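The block underneath contains the structure these notes are about, expressed in structure tokens.
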Amino acid sequence: MTLAYTPSNLDEALQILADHPDTVLVAGCTDLMVVDYAMGRRHDAVLDLLAVPELHGIAVSDDAISIGATTKFREILNHAEVQKNYPMLAEVAGTVGGWQIQNRATIGGNIANASPAGDSLPVLLALGAQVEVRGAAGPRIIPYEAMHLGYRRVDLRPGELITRVRIQKPAANTVQMYKKVGTRAAQAISKVVVGLCATIVDDSVAEIRIGAGSVAATPVRLDRTEARVRGARLEPSLADEAGRIASTEVAPIDDVRSTAEYRSFVLGRVVRRMLLNMISGETGPNSTAGSGS
Amino acid sequence: MTQPPRPREVGQSRPRIDGRDKVTGAARYVDDLNVPGMWHGATVRSPHPAARIDSIDFSRARQADPEVAAITAADLPGPNVVKLIAEDWPILAAEEVHHVGEAVAIVVAPTRERARAAADRVDVTYTEVPGALTLDDALRGDPRVGGQVNVLASSNIDWGDVDQGLADADHIVEGEYETGWQEHIYIEPQGMIAIPQDDGSVEIVGSMQCPYYVQHALAHALSLEPDMVRVRHVATGGGFGGKEDFPDMLGAHAALLARKIKRPVKIVYDRHEDIVATTKRHPSRVRIRTGVAADGRLLAQDIEVVLDGGAYITLSPVVLSRAVIHAAGPYACPNVRIQGRVLATNTVPNGAFRGFGAPQSQFAAERQMDRIGRRLGIDPYTIRERNAYRVGDTTPTGQVLKESVSAIECLQEAETRTRFRERWQQFENARANAPDDGRPVRGLGLSLVWHGSGFTGNGEQRMNSPVTIRLNEAGAVEVRVAATEFGQGTTMVLQQMVADAVGVTAADIVVVNPDTVEVPDSGPTVASRTVMVVGGILVRAGKGLADQLMQFAKSDAASPIDCGPETNELELKAGQLLDESGAVLGSFSDIAAAYVASYGTLDITERFEAMPGIEFDEETYRGAAYSAYGWACDIIELEVDPDTLAVSLTDATLVYDVGKAIHPAMCRGQVEGGTLQALGYGFMEEIKLKDGAYMNDRLATYIIPTIRDTPDMDTVLIENPTPSGAFGAKGVGEIPMDGGAPAVLSAIENATGIVAAGIPATPERLFSDRMAGRVVSNDRAGSAKPAEGGPA
Ligand SMILES: Cc1cc2nc3c(=O)[nH]c(=O)nc-3n(C[C@H](O)[C@H](O)[C@H](O)COP(=O)(O)OP(=O)(O)OC[C@H]3O[C@@H](n4cnc5c(N)ncnc54)[C@H](O)[C@@H]3O)c2cc1C
């Protein structure tokens, strides 16, 4: 028998968690269901995060958006402000699973599940997001770089849950690019996924953040590639070099979905292509795995 | 053979009879059925590819759940064998296990959860022993047979003088081609219910293609007379060959448990267990040496086919036989040698899968044609057109193709619709000057295939299948055959064909659900034989029924019709009895009712009759391997992302000679669905092995195409009839599996220059092929190996 808590507000949810620390949080359940079934696992108690109103919805301010943890990818994809100022986020939302999954899967679940292949994670890295978590002891703000501690481990303490994701509005001269390399055109787990955010001033790259997934135990920033590109003049040779650095600065693995060689190669090709597209001004959607908006 | 009647129902695409129930969820599949008192079975499986079983201990399982009962090999009442062709496939592993996932014990409990929990608590200890995990291992020698090469089956064809042909050739072209496993992914996993009866018999209800195979296998395993095993087919969600062999195993497990606990027992696999435990398509390795004249004519083909049979023989000899007979492709060649072997490995036995060996050997044949074309500077269309079979040509078994040969027609129609030659050449030129703009590169690929309909060689003669048509008490016409409906539309086409044979409407025909106490053994539902072969026998039976009723109408005292002695020629048409002038004399239903009132029900039983002159020698592989062949040309157009090598299929042009489309919409459905399965096989569906276990054992990792991966399909049905099939029909179920994979690889080559030798051609494989220099030779002269991250 499983006990299911359906708290009516955030404080109640935190109280239940404080009193029953083994309670398992459930949002869209699209990850949990799969793992539980495969492992033949049952839980004594679960808490339905979808019941908590404070955790849901997108709040827009002049300089940022704040996305509730239980906001579904489809809601993110359809949101006008996201589409306008955070297009990469709308794009990634449209590549998670297929329609059915997008209707249930939440951004908080994607973060907390902490798969190295989680599609939104490199995008959150590239956008410089902050994660707001809360426990009985109060809230904490975690810069996205510090969120992933290791393979499938996030910086959440017992009794804490993810409440919101906050993203600063990118400057007007910022380009955002996203590429998912999946195993097929929809319902695909990423073999390589890249989010890139760059500010361009006078044909030079003033600032750049590149997040990559499925190439390490956690989503990673491509620090060395960024360092080479930051401040440099945009030209084809820079793109070639950035691609070369990107493909060597990670050490991906062979697994059931792909090979280490392919992943390194493709990461380099994708980064190179993004820089070439910046030069040619083609910064539009470039996903191989858009799944029907 | 009697002349087929003029078609009326045949050729129309009526809504499927079973469609509404299936779409609304009213259809009841085995897992929807509950029999009072029913318990559930679960299976304990080997984690090792090769090991000795030291002990099996149920104490933990029994402690946790005292109601649980269990069976091991030691408890079997009859021979420990699932009887197919050979007798080597154990129901439960006895002393040794030979593959990961092999059943070691079965347990039963009141609920599925408890049964599965109990299976997890069975402690089996093993001592691992060396095995042959891969085909490479198998070629080196199998420890199971003292290090010899463990050959499960072999077949050879020798036609003409191959050595002379090679010596006479202007070019010798050599190639080696590999194909991987393929999993059926029928939408409904395997499931069976066994119900023990008071008289000692057992009833089996389940998801299957071949009720009589299950009956035979179970009678053997349980040491019962066949009629003590009643097998009943229920709504079945797909088969693709996967429910030809494995249901014998699952039926045996359910029946053993049911007889032990004297209760009905259900076993239904979940998807993961289904992938882990059930048969797959045989992986293959084919090597071809072809001698070619300067003008592109084939002079000699020397072909070696090696299939990975897995741990047991199952259906491997017949899969190999079909692989070998199709291995030279649909091309005339005076000198052909084909040597085929199936080798054992310590993996799940590979078995029946749509196409049955022909997709593997024709993948190689088609890639070899592309390679020959490249060597001689001839495009893929022209090299095939030059060599494709025409009427009067002789196959490597010495069969003269006398009629219904459409290879050229299929090619030409496909060319007309796609302008293949011109556009293929454009893409060749574009490849040479492709700008590095990140835009996808396009390519076109082509394949030409043939596929023998029905059983190979004398299979049909040997089975001598009976079919029955019955005029029942209600005066309706019943079709009684063992052909099962598992989504492919059997019920519908049987109705249509018999309606026309008798001269009534499809609505007058009742297709009786296959059940061994109700229907005769008209053979298995395999080998694309149902329409062509079973249909053909039914047409004769239907004609017989009509003749008998017309005789009755004309001359019996009890006839409700007064047609006078001078009327000779009567005709039944759409349920009406007509005289020579076409005047309606009465209705079928009135005549049938009067007949039944006077004489009771009427059964007409007919058996297979071979076409004159169709003979095959199974020792020498000489003669007519099949009485008719289907022909098909597939053209695939695709795009490849130059950065990721991800392939996206845009268009498919599918030209298929089916003899006669009984139900054109379903016929296209077979072509299009089968092609998608073939395309997935070609560029997506992959099973990798780690320590003898499948790594891709879930739908999250075994990747099949979704609708978003599916190209637009332009499907053309050509009807070039064969006298050996009902209404001229040839088999259509399997041929769509043959041409998709080679056409995709041909198109990838046209787009990228990468000559992928094996499938699935995943981006990873294309990448390593390119890094290894497997690119078309004029490309190799340039920059074959792009630096990582550098320009292509
Ligand atoms: C068919 C299919 C396709 C998929 N495709 C993709 C894909 O393309 N890309 C991709 O990235 N993912 C994919 N996924 C994975 C999954 O859908 C996503 O990771 C999704 O975002 C998870 O969200 P959820 O709300 O369903 O999480 P749940 O399953 O409810 O939870 C996942 C984990 O996070 C924890 N959790 C959830 N919310 C919180 C919170 N607010 N605070 C703390 N912990 C929390 C839960 O306790 C659980 O451990 C797919 C899954 C399926 C079944």
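The values are calculated or read from the model by the stated rules, or taken from the named source; none is laboratory data. Computed from a prediction, not measured in an experiment: that's the story for all the values here. Glycine gets a Cβ as well: all are built from the backbone with ideal geometry, and neighbour counts include every protein chain shown.
Descriptive notes on the structure:
- Residue list for segment B:428-439, filter: of a type outside the set (G, A, S) and surrounded by fewer than 17 Cβ atoms within 10 Å (Cβ to Cβ): B:N429, B:N433, B:P435, B:D436, B:D437, B:R439
- The selection criterion, being at pLDDT below 95 and within 14 Å of another protein chain (Cβ to nearest Cβ), holds for A:A185.
- Within segment B:432-457, considering residues that are farther than 21 Å from B:S361 by Cβ and part of a loop (DSSP other than H, G, I, E, B), the one farthest from the other protein chains (Cβ to nearest Cβ): B:N433
- Scanning segment B:87-97 for residues that are more than 29 Å from the chain's Cα centre (by Cα), in a loop (DSSP other than H, G, I, E, B) and not aliphatic (A, V, I, L, M) turns up just one, B:E95.
- Residue tally, condition touching a residue at least 60 places away in the same chain (Cβ under 8 Å) and assigned to a loop (DSSP other than H, G, I, E, B), over segment A:14-34: 6
- A:A18 satisfies every condition listed in (1) within 14 Å of the ligand (Cβ to nearest atom); (2) away from chain B (no Cβ under 14 Å) except (1).
- Count - residues of segment A:93-126 that are buried (at least 24 other Cβ atoms within 10 Å of the Cβ), more than 8 Å from the ligand (Cβ to nearest atom) and of a type in the set (A, V, I, L, M, F, W, C): 5
- Counting residues in segment A:74-90 that are modelled with pLDDT of 95 or more, within 10 Å of the ligand (Cβ to nearest atom) and away from chain B (no Cβ under 14 Å) gives zero.
The rows are residues; the columns are (1) in the same structural domain as B:G753 (by TED's automatic domain parsing); (2) of a type in the set (S, T, N, Q); (3) under 16 Å from B:H451 (Cα atoms).
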site: B:E385; (1), (2), (3): yes, no, no
site: B:A388; (1), (2), (3): yes, no, yes
site: B:G398; (1), (2), (3): yes, no, no
site: B:S406; (1), (2), (3): yes, yes, yes
site: B:R421; (1), (2), (3): yes, no, no
site: B:N429; (1), (2), (3): yes, yes, no
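- Any hit, segment A:192-212, residues being in contact (Cβ under 8 Å) with a residue 40 or more places away in the chain, basic (K, R), outside the structural domain of A:E145 (by TED's automatic domain parsing) and surrounded by fewer than 24 Cβ atoms within 10 Å (Cβ to Cβ): yes
For every residue, the table says whether it meets (1) of a type in the set (G, A, S); (2) assigned to a strand (DSSP E or B).
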{"residue": "B:L676", "(1), (2)": "no, no"}
{"residue": "B:I687", "(1), (2)": "no, no"}
{"residue": "B:A700", "(1), (2)": "yes, no"}
{"residue": "B:M713", "(1), (2)": "no, yes"}
{"residue": "B:P721", "(1), (2)": "no, no"}
{"residue": "B:F727", "(1), (2)": "no, no"}
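- Within segment B:552-604, if we keep just the residues that are hydrophobic (A, V, I, L, M, F, W, C) and part of a loop (DSSP other than H, G, I, E, B), the residue that is nearest to B:V519 (Cα to Cα) turns out to be B:A574.
- Looking across segment A:25-59, the residues that are surrounded by 14 or more Cβ atoms within 10 Å (Cβ to Cβ), β-branched (V, I, T) and within 14 Å of the ligand (Cβ to nearest atom) come down to A:V26, A:T30, A:V46, A:V52.
- Residue satisfying all of: in segment A:254-273; among the hydrophobic types (A, V, I, L, M, F, W, C) and facing chain B (nearest Cβ under 7 Å); surrounded by the fewest Cβ atoms within 10 Å (Cβ to Cβ) among these: A:V256
- Among the residues of segment B:148-196, those that are farther than 30 Å from B:G131 by Cα and of a type in the set (G, A, S) comprise B:G160, B:G165, B:A167, B:A169, B:G191, B:A194.
- So B:G175, is it over 17 Å from B:T279 (Cα atoms) and crowded, with 23+ Cβ neighbours inside 10 Å: no
- Scanning segment B:54-74 for residues that are part of a loop (DSSP other than H, G, I, E, B) and over 20 Å from B:K260 (Cα atoms) turns up nothing.
- A:S8 fulfils the conditions (1) of a type outside the set (A, V, I, L, M); (2) within 13 Å of the ligand (Cβ to nearest atom); (3) surrounded by fewer than 14 Cβ atoms within 10 Å (Cβ to Cβ) except for a single criterion, (2).
- Among residues of segment B:611-624 being out of contact with any strand residue (DSSP E or B) (no Cβ under 6 Å at 6 or more places or on another chain) and surrounded by 14 or more Cβ atoms within 10 Å (Cβ to Cβ), the one that is farthest from B:P317 (Cα to Cα) is B:M611.
- Single match in A:V229, A:V201, A:V220 (criterion: more than 19 Å from B:A646 (Cβ to Cβ) and modelled with pLDDT under 95): A:V201
- Scoring A:A251 on the criteria (1) within 8 Å of another protein chain (Cβ to nearest Cβ); (2) part of a loop (DSSP other than H, G, I, E, B); (3) more than 22 Å from B:M684 (Cβ to Cβ) leaves a single failure, condition (1).
- Selection of first residues in segment B:75-86 that are assigned to a loop (DSSP other than H, G, I, E, B) and of second residues that are of a type in the set (S, T, Y) and surrounded by 15 or more Cβ atoms within 10 Å (Cβ to Cβ), restricted to Cβ pairs under 7 Å at least 6 apart or on distinct chains, gives the following pairs, ordered by first then second residue: B:L84/B:T314.
- Yes/no for A:G109 being on the phi < 0 side of the Ramachandran plot and small (G, A, S): yes
- When B:G731 is tested against the conditions (1) free of Cβ contacts under 8 Å to residues at least 40 places away in the same chain; (2) crowded, with 22+ Cβ neighbours inside 10 Å, the lone failure is (1).
- Scan of segment B:488-499 for residues that are out of contact with any helix residue (DSSP H, G or I) (no Cβ under 8 Å at 6 or more places or on another chain) and not in a helix (DSSP H, G or I), ordered by number: none
- When the test is whether a residue is modelled with pLDDT under 95, buried (at least 21 other Cβ atoms within 10 Å of the Cβ) and away from chain A (no Cβ under 14 Å), B:S465 passes it.
- Against the criterion of being touching a residue at least 12 places away in the same chain (Cβ under 8 Å) and within 12 Å of another protein chain (Cβ to nearest Cβ), A:V229 does not qualify.
- Selection of segment B:117-136 for residues being within 14 Å of another protein chain (Cβ to nearest Cβ) and either of a type in the set (D, E, K, R) or surrounded by fewer than 21 Cβ atoms within 10 Å (Cβ to Cβ) (or both) yields B:A117, B:D120, B:R121.
- Matching residues, segment A:137-149, being farther than 17 Å from A:P122 by Cβ and either within 14 Å of the ligand (Cβ to nearest atom) or outside any loop (DSSP other than H, G, I, E, B) (or both): A:G138, A:P139, A:R140, A:I141
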